[in-house]
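Below is one structure; the comments refer to it alone.
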């Protein structure tokens, strides 16, 4: 999962990003609403954590502009204000959920997982494709009854595949959802990690579920 954190308080933004990365999520930070608009417009984020109190345009207006620009990633708004009017303004502006500061980081993650399960498409709690299963909440994966040990980045990449079974995903798309802006060496990292995944989720079980689509990218067989 790749998340955009929109927060102008440097300490708070750093804490949230560090916590997310420790959980295997890719996270970018925007310190203003204006920066959030161009970043969300150029990157397909899985979710957006949006603070209400921002310099320049506030979180409410940022959310409204995101929706008017056709950005439909789930938005979780953060605020130090607990007024009903603020919640209504945020939700009516296109936000999907609301969390008041101070908050539990575990609850923040749980709310993000819940948000990414919503939408027009079916998004079960445990993702599955054939005998392959993946639980984003517990960070566990299985082939049949056998649990598979994955690194945080292997898990992130597999989650991208599992959310789009049967689709041909380009290397760029995989990078967009499993790595963030601070990763520089992008030359062949996708190919390397696809090879790692095959060695763990396919080869020991005699499977070939992660297919190479020549000239296009990779596909996880549905």
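Laboratory data are not the source of any read-out in this text; all were calculated from the coordinates shown. It should be emphasised that the depicted structure is a prediction, and the values quoted were computed from it without experimental measurement. Ideal geometry is used to build each Cβ from the backbone, glycine not excepted, and the neighbour counts take in all protein chains shown.
Please compute the contact order of the chain in relative form: average sequence separation of alpha-carbon pairs under 8 Å and at least six residues apart, divided by the residue count, as a percent.
Relative contact order for the chain comes out at 17 percent.
Compute the distance in nm between two label points, each set 7 Å from the Cα along the Cα-to-Cβ direction, one at residue 212 and one at residue 80.
Roughly 5.4 nm, to one decimal.
Counting only DSSP beta bridges with both residues in the chain, what percent are antiparallel, rounded to the nearest 5?
50 percent
Measure nothing but the geometry: give the 0 to 90° angle between the long axis through the Cα atoms of 59-68 and the longest principal axis through the Cα atoms of the chain, rounded to 10°.
The helix 59-68 is inclined about 60 degrees to the chain.
Please identify, among 141, 36, 80, the residue showing maximal mean-square fluctuation in a Gaussian network model of the chain using a 10 angstrom Cα cutoff.
Maximum among the listed residues: 80.
How big is the chain by the Kirkwood estimate over distinct Cα pairs, in Å?
Values: mean 1/r = 0.0548 Å⁻¹.
Kirkwood radius, the chain: 18.2 Å.
Is segment 49-130 rounded, prolate or oblate when judged by the Cα gyration tensor, a ≥ b ≥ c being the square roots of its eigenvalues, rounded requiring a/c under 1.5 and prolate requiring a/b larger than b/c?
Working: a/c = 2.51, a/b = 1.49, b/c = 1.69.
Oblate.
For helix 33-42, what angle does its Cα long axis make with the longest principal axis of the chain, in degrees from 0 to 90 and rounded to 10?
Approximately 30 degrees, to the nearest 10.
Could you check which residue among 88, 148, 210 shows the biggest mean-square fluctuation in a GNM of the chain with a 10 Å Cα cutoff?
For the chain, modelled as a Gaussian network with Cα springs under 10 Å, the answer is 88.
Under the definition of Cα pairs under 8 Å and six or more residues apart, what whole-number percent is the relative contact order of segment 2-117?
Values: 191 pairs, mean separation 26.6, N = 116.
Computed over segment 2-117, the figure is 23 percent.
Rg and Dmax of segment 2-117, using alpha carbons, in Å: what are they?
Looking at segment 2-117, its Cα Rg and Dmax stand at 12.6, 35 Å.
Over all directions, what mean area does the Cα convex hull of segment 127-220 project, stated in square nanometres?
Working: hull surface 23.5 nm².
Taking a quarter of the hull surface, the average projection is 5.9 nm².
At a 10 angstrom cut-off on C-beta neighbours, averaged per residue, how do the peptides 201-209, 151-159, 93-101 rank from highest to lowest?
Numbers: 201-209: 14.6, 151-159: 20.7, 93-101: 18.3.
Most protected by this proxy first, the peptides run 151-159, 93-101, 201-209.
So what is the relative contact order of segment 127-220, in percent, for Cα pairs below 8 Å that sit 6 or more residues apart?
Values: 102 pairs, mean separation 26.7, N = 94.
Relative CO of segment 127-220 lands at 28 percent.
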